[in-house]
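Scroll down for the structure; my scribbles are underneath it.
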Amino acid sequence: MDSTEERAPARDLPYDVFARACPSRGTLEHVTGRWGALILGALHDGSLRFNELRRRVDGVSEKMLSQTLHALERDGLVHREAQPTNPPRVDYELTPLGGEVAERLLGLIHFVEGRMDEVLEARRRYDGTRGAR
């Protein structure tokens, strides 16, 4: 048995996120990047307009929100619905696939939020032994 077989269980999947050229790596980056995870989480409760989404995801720039939405739409996780009104109205909502991804992300988000006291204590201990940064 070589070291690869020892590290990872055998999988019969056509994609491998650990392989440099695998397209799943890009999607994982879109989903788990700072803005992707927050946008998917924000859209979990229902559709939002661009500016509603920008207010919900505090700190995201218009440019980053637009770029991230385009990437998530391209990956089939977000649906963009343009209404032919004046001024134009654009709504964003999760696709069924995006909803599944958001559910998993929200589990992680809630877990992290619920354990922040432990994280902050660990940071305090770390900073105390290495000097605050």
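Descriptive notes on the structure:
- THR27 being within 26 Å of VAL112 (Cβ to Cβ), polar (S, T, N, Q) and under 12 Å from the mean Cα position of the chain (by Cα): yes
- Within region 69-79, tally of residues that are over 17 Å from GLU52 (Cα atoms), out of contact with any His (no Cβ under 9 Å at 6 or more places or on another chain) and in contact (Cβ under 8 Å) with a residue 24 or more places away in the chain: 0
- Applying the set (1) on the phi < 0 side of the Ramachandran plot; (2) exposed (fewer than 10 other Cβ atoms within 10 Å of the Cβ) to GLY131 leaves exactly one unmet item: (1).
- For region 92-101, the condition of being open to solvent by less than 90 Å² (accessible area, probe 1.4 Å), polar (S, T, N, Q) and part of a strand (DSSP E or B) holds for none of the residues.
- Residue within region 109-128 that is surrounded by 14 or more Cβ atoms within 10 Å (Cβ to Cβ) and either part of a helix (DSSP H, G or I) or over 19 Å from the mean Cα position of the chain (by Cα) (or both) present: yes
- Of all the listed residues (ALA42, ALA82), the sole one being surrounded by 13 or more Cβ atoms within 10 Å (Cβ to Cβ) and free of Cβ contacts under 8 Å to residues at least 60 places away in the same chain is ALA42.
- Flag for VAL31 being within 20 Å of PRO96 (Cα to Cα), open to solvent by less than 40 Å² (accessible area, probe 1.4 Å) and β-branched (Val, Ile, Thr): yes
- Residues in region 45-65 that are over 14 Å from LEU94 (Cα atoms) and open to solvent by less than 40 Å² (accessible area, probe 1.4 Å): VAL57, VAL60, LEU65.
The values are calculated or read from the model by the stated rules, or taken from the named source; none is laboratory data. Bear in mind the structure is a predicted one, so any value in this text is a computation, not a measurement. Here Cβ is always computed from backbone atoms with ideal geometry, including for glycine, and neighbour counts include all displayed protein chains. For the accessible areas, the whole protein counts, side chains as well, though only heavy atoms, and no ligand, DNA or RNA atoms are used. Shrake-Rupley method; radii C 1.70, N 1.55, O 1.52, S 1.80 Å.
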